[in-house]
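Input: a single structure, listed below in C-alpha cells.
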Amino acid sequence: MVQLKQQTYREYLQGQFGLAAEGTLTDFMARQGDDLIMGGRLNLTALARRYGAPLEVVYTPQITAQVTRMGAWAEQARLHSAYPGRLLYAYATKANFAAEAVQTALRAGAHYETSAAPDVLIAHGLFRQGLLPADRLICCNGSKEPNYRDAIRNLRLAGCTGVVPVLDDLDELADLLETPLPLRFGVRERAAGNRDGRHPGSDRFGLSAAEIVTAAERIANSHHELAVYHAMIGSQIEDEAHFLATLRASVVNYCHLRRRTPSLRYFNFGGGVPTSGYRLGFAFDYVGFLTKLMTTIRETCAAYAVPVPDLIGEFGRYTVATHSVYLIEVGATKTGQGENPDWYLLNGSVMVSMPDALLVEDQEFVILPLSGWDRPVKPVRLAGRRTCDSDDVYPRPERAPLMLPDSGAGLVLAVCGVGAYQQMISGRGGAHHCLSPEPGRVIVSEEDGRLVSRYVPPQDQATIMRLLGYQPQPASLPLNPDRPIREPVPFRVPATYRTRRISARPPRLVRQVATGD
Ligand SMILES: *Cc1c(COP(=O)(O)O)cnc(C)c1O
C-alpha cells in the first residue's frame with residue numbers, strides 16, 4: 001500500500017537541488033547534525049540560541065577564503081591558457097565599506113578599488129597605518145568631483161605610488177595632470193559599458209575612443225604615464241560566452257592603444273564576477289571562465305603583436321556577499337488569502353535588511369531554515385513585520401513563493417548573501433523605514449588561526465529618536481517586544497571549532513575562554 005506523505009523540507013532540498021541535509025549546501029554553508037555551519041567553522045544555530053534573532057553574523061574568514069580561492073583559480077587558469085601575465089585581485093570597496101571587510105580583504109592581499117572621495121580618504125588612512133601596503137594598486141573609478149581629485153592628489157603626495165585615477169572625463173585629466181609627483185593613470189572605455197545594449201546607465205562612465213586618444217597624448221606629454229585600460233562590461237559574467245564576445249572588442253581597442261602607448265600594462269575587466277550567495281544550486285566554473293578570458297586576451301594580443309597585459313579584476317559582491325548572514329525569526333504567521341501562500345511575518349524588515357530584493361529585478365538570496373528540516377515543506381511568502389509597507393515582502397509577488405518548513409512562528413531563517421551592498425544601500429546606523437531597528441551584530445574574525453568575536457548590541461530607540469531630532473524619551477520601548485533586551489553575552493567559540501594552533505600572544509577573548517574566566 002502506498003502511503004501518501006507530505007514532502008519534508010529535507011526531501012524538497014534533495015529533489016530540487018540535489019542537496020543532502022548533512023554536509024555541503026553552498027561553498028560557504030554546510031549542515032552538521034542539526035546545525036548550520038558557516039565557512040566550515042562557525043555554528044549559526046548555536047549563535048541563534050545564544051543571542052536570539054534578529055542577529056547579523058559577520059564572518060570575515062569567508063572574505064579571506066574568497067580572495068585566496070580566486071588567486072588559486074587564476075593560477076590554474078594561467079597554466080591552462082599559457083598566459084604570461086598575472087591577475088591582480090582588487091576589492092571593490094563600495095560593496096561593503098565596513099572596516100573589518102576592507103581590512104580583511106587587504107590582509108588577504110587584495111588591491112583596492114574606489115568609487116568616491118571618502119573611499120580614497122579611507123584608503124589614505126589605511127595607507128598611513130601601513131594596512132594598505134605600498135605595493136597595492138588603488139584604482140579610482142567613477143566621475144570625479146574636485147574633492148575626489150584632491151583626495152587622489154593628496155594620497156599620491158603622501159607617497160602612495162599605487163593610486164591610479166581611472167579617467168571618466170577629460171576635465172579630470174586636466175586637473176590631475178598638475179599633480180607635481182608622477183601619477184599612473186587609467187582610462188575607462190565608455191563603449192564597453194553598454195556595448196550589448198543590456199546595461200543602459202553604464203554608458204555614462206568613461207571616455208569615448210577619441211577622448212582616450214586625446215588623454216593618452218596628453219599623458220604622454222607630461223611627467224605621468226598611462227598604465228591601465230579599464231573596460232567593464234557590467235554584470236553579465238555568468239553568461240560567460242556573451243561576456244567574452246562583448247569584451248573582445250575592448251581587448252582589440254586595448255591593443256591599438258598599447259601600440260602607441262608602451263607604458264600601458266594592465267587590462268582591467270571591472271566587476272561582475274558572480275557568487276554563490278544568491279541562490280541554492282549556484283555553479284560557476286571560475287577556472288574555466290578565467291582560462292577563456294586569458295586565452296581571448298592572449299590570442300588577441302598576439303594578433304596585434306602587443307605584449308599581454310596583467311589583468312585586474314575588481315571584485316565587489318564576489319568578495320563580500322557571502323561573509324554575512326541575517327538570522328531572522330518568523331514572529332507570526334498569517335493565512336494567505338484565497339489560493340495564495342501563507343505569510344511568514346518576520347521580526348525584521350526585508351526592505352531594510354535586503355533592499356536589493358526590491359531594487360534589483362530578479363534579485364534572490366539564499367534562505368535556509370535553522371530547524372524544521374524534517375517537517376513538511378510548504379510555500380510561503382516573507383513579510384517584514386516591523387514596517388507596514390506592502391513592498392516589504394520576499395519573494396516579490398510576481399515570483400514563485402519560497403519553500404520552507406511549515407513550523408511557523410519561532411522558525412529562525414538564515415538569510416545569506418547579504419554581505420554585499422545591502423547595508424551600504426540601506427545605510428548603517430541611521431533611522432530606517434518605520435524605524436525598524438538594526439539587529440545586534442556578532443563580528444567573528446580569525447586571529448592566529450582562532451576565531452574571535454565581538455558583539456555590537458542592537459540599535460536602541462533613544463539613538464534613533466535623537467537622530468530624528470527628538471529629545472530622549474523618558475521611557476524607551478524595548479525594541480524586541482517578545483524578548484527583554486539581553487545583556488551581551490561574551491561569545492565562546494565552541495571547542496570543536498577552535499583550531500589547535502598555539503599562539504604566543506592569544507587574543508583576549510580566547511584567553512578568557514582558555515582560562516575558564
Ligand atoms: C561596482 C563596481 C565594481 C564591483 O562590481 P561587483 O559586481 O560587485 O563585483 C567593480 N568595478 C567598478 C568600476 C564598479 O563600479
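The values are calculated or read from the model by the stated rules, or taken from the named source; none is laboratory data. Given the structure is predicted, the values throughout are model-derived calculations rather than measurements. Note: ideal-geometry Cβ built from the backbone for every residue, glycine included; neighbour counts use all protein chains shown. Protein only, heavy atoms only, side chains kept; ligands, DNA and RNA dropped before computing areas. Shrake-Rupley method; radii C 1.70, N 1.55, O 1.52, S 1.80 Å.
So here's what we get for this one:
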item	result
Radius of gyration and Dmax over the Cα atoms of the range 1-109, both given in Å	19.3, 66
Alpha carbon centroid spacing (whole Å) that separates the range 11-72 from the range 295-356	16
Beta bridge orientation in the chain: antiparallel %, DSSP, nearest 5	50
Translational D in µm²/s for the range 186-300 (Stokes-Einstein at 10 °C, 1.306 mPa s, Kirkwood Rh from C-alpha pairs)	106
Cα-based shape type of the range 343-428, given that a ≥ b ≥ c are square roots of the gyration tensor eigenvalues and the cut on a/c is 1.5	prolate
Summed residue charge, Cβ within 10 Å of ASP119's Cβ, Lys/Arg positive, Asp/Glu negative	0
Ratio of Rg to Rh over the chain (Cα coordinates, Kirkwood Rh, two decimals)	1.00
Shape box of the range 346-394 [Cα atoms, principal axes, largest first, Å]	33, 23, 16
For the range 112-190, Kirkwood radius (reciprocal of mean inverse C-alpha pair distance, Å)	12.2
Carbon/sulfur fraction of accessible area - the chain, other protein chains in place, 1.4 Å, %	51
Percentage of interatomic Cα-Cα distances in the range 22-74 larger than 19 Å	36
Cα-based equivalent ellipsoid, the range 163-227: semi-axes from gyration tensor eigenvalues, Å	24, 11, 9
Rounded to whole Hz, the Karplus (6.51, -1.76, 1.60) HN-Hα couplings of the range 60-77, x for glycine and proline	5, x, 5, 5, 4, 4, 4, 5, 5, 4, 4, x, 5, 5, 5, 5, 4, 5
Percent of Cα-Cα distances greater than 23 Å, calculated over the range 315-471	41
Whole-angstrom Cα spans of the range 229-382 along principal axes, big to small	68, 28, 27
Alpha carbon convex hull of the range 48-162, projected area averaged over orientations, nm²	9.8
Rg in Å to one decimal, and Dmax rounded to a whole Å, for the range 85-315 via C-alpha atoms	16.9, 53
Share, in percent, of DSSP beta bridges within the range 103-213 that are antiparallel, nearest 5	0
Stokes-Einstein diffusion coefficient of the range 270-352, Kirkwood radius over Cα pairs, 37 °C, 0.692 mPa s, in µm²/s	189
The chain, helix-only ellipticity at 222 nm - DSSP H runs n ≥ 4, -39,500 (n - 2.57), divided by all residues, nearest 500	-9000 deg cm²/dmol
Sorted peptide list for 314-326, 285-297, criterion being average Cβ within 10 angstrom, highest first	314-326, 285-297
Whole-number accessible area per residue in Å² for the chain, which is evaluated in the context of all protein chains at 1.4 Å	44
